[in-house]
Structure formats: C-alpha cells, structure tokens
1. What about residue 56, is it at positive phi and either at pLDDT 95 or above or not hydrophobic (A, V, I, L, M, F, W, C) (or both)?
2. Taking the condition of a type in the set (Val, Ile, Thr) and crowded, with 18+ Cβ neighbours inside 10 Å, does residue 44 pass?
3. Can you say whether residue 74 is open to solvent by 50 Å² or more (accessible area, probe 1.4 Å), under 12 Å from the mean Cα position of the chain (by Cα) and at pLDDT 95 or above, as far as the supplied structure shows?
4. Out of the residues in region 79-106 that are in contact (Cβ under 8 Å) with a residue 60 or more places away in the chain and assigned to a loop (DSSP other than H, G, I, E, B), state the one that is least open to solvent (accessible area, probe 1.4 Å).
5. Across region 9-32, which residue is nearest to residue 90 (Cα to Cα) among those that are open to solvent by less than 30 Å² (accessible area, probe 1.4 Å) and in contact with a Lys or Arg (Cβ under 9 Å, 6 or more places away or on another chain)?
6. Of everything in region 60-77, what is part of a loop (DSSP other than H, G, I, E, B) and free of Cβ contacts under 8 Å to residues at least 24 places away in the same chain? Give them in sequence order.
7. Of everything in region 39-59, what is of a type outside the set (A, V, I, L, M), free of Cβ contacts under 8 Å to residues at least 40 places away in the same chain and farther than 20 Å from residue 22 by Cβ? Give them in sequence order.
8. Considering every residue within region 1-12, establish whether at least one is out of contact with any His (no Cβ under 6 Å at 6 or more places or on another chain) and in a loop (DSSP other than H, G, I, E, B).
Amino acid sequence: MRVIAKRTLRNFWESLPQYADAQAQLEAWHSEALKASWKTPQEIKTQFASASILKNNRVVFNIAGNKYRLIVSIDYIRQACFIKFVGTHAQYDAINAEVYDGYSTH
C-alpha cells in the first residue's frame, strides 16, 4: 500500500510535546501499511483486530492503546490509503469519521 502521506503523521507527533508518544506507534503502523496489500476490509481486520471498518472505505485504527485514533480512506484497487485524521480519542469523538476530510494536529 502507498500511504498518503507520512508527513501528516509526522506533523501530528511533532505538533505538541504531549503527542510525541504517538511517534513509535504511528511509525509502526506506517511500516505495516507499506508492506500490506489489502484487498478487502476483512484483510485489515485480520491484521489489525481492533480496527473499525466504516462506510466509504474508511478504517479507524487505534494507536497507543486507543489514546489516539487514525482514520484512513482506502482505495483497494489502487493500493493506496489516504490519511484523513490523526488525533486524540477526544478529538475523534468530536468529528464525523465517515466524512471528515482533513486531519487534526491538536
């Protein structure tokens, strides 16, 4: 899978000192996603049992023991995932994950 874009993840963990603890987990997720070739949401659930599958080819990943949430939109045919949101659990609760089209930095 291509991940668009790692910079979004980096911007998050560098944006505030309290988000620095997300770096290792986000980098680990990124590494796994790059190696993946998911063709269905079920394949994602097999690899990431705690992931939530949403409408519109969106997937929510729990990061750092569910302290943070990562929303991606996946194009299974083009083998690409687009980062739509990365933020705290509280920030995630304040958005509509099925349509949100940006990302949070704090």
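The values are calculated or read from the model by the stated rules, or taken from the named source; none is laboratory data. As the structure is a computational prediction, the values presented were derived from the model and not from experiment. All Cβ positions, even for glycine, are placed from backbone atoms using ideal geometry, and neighbour counts span all protein chains on display. What goes into the accessible areas is simple: the full protein's heavy atoms, side chains included, and nothing from ligands, DNA or RNA. Shrake-Rupley method; radii C 1.70, N 1.55, O 1.52, S 1.80 Å.
1. Details: at positive phi: yes; either at pLDDT 95 or above or not hydrophobic (A, V, I, L, M, F, W, C) (or both): yes.
Yes; evaluated as a whole, the condition is true for this residue.
2. Numbers: of a type in the set (Val, Ile, Thr): yes; crowded, with 18+ Cβ neighbours inside 10 Å: yes.
Taking the combined requirement at face value, the residue satisfies it.
3. Working: open to solvent by 50 Å² or more (accessible area, probe 1.4 Å): no; under 12 Å from the mean Cα position of the chain (by Cα): yes; at pLDDT 95 or above: yes.
It is false that residue 74 is open to solvent by 50 Å² or more (accessible area, probe 1.4 Å), under 12 Å from the mean Cα position of the chain (by Cα) and at pLDDT 95 or above.
4. 104
5. Of all residues in region 9-32, those open to solvent by less than 30 Å² (accessible area, probe 1.4 Å) come to 9, 12-13, 19, 22, 26, 29-30.
Still in the list and also in contact with a Lys or Arg (Cβ under 9 Å, 6 or more places away or on another chain): 22, 26, 30.
Numbers: 22: 15, 26: 18, 30: 22 Å.
Residue satisfying both the conditions and the ranking: 22.
6. Applying the first criterion (part of a loop (DSSP other than H, G, I, E, B)) to region 60-77 yields 64-67, 76-77.
Residues satisfying the conditions are 65, 66, 77.
7. Scanning region 39-59 gives 39, 40, 41, 42, 43, 45, 46, 57.
8. Checked against the condition, which is being out of contact with any His (no Cβ under 6 Å at 6 or more places or on another chain) and in a loop (DSSP other than H, G, I, E, B), region 1-12 yields at least one hit.
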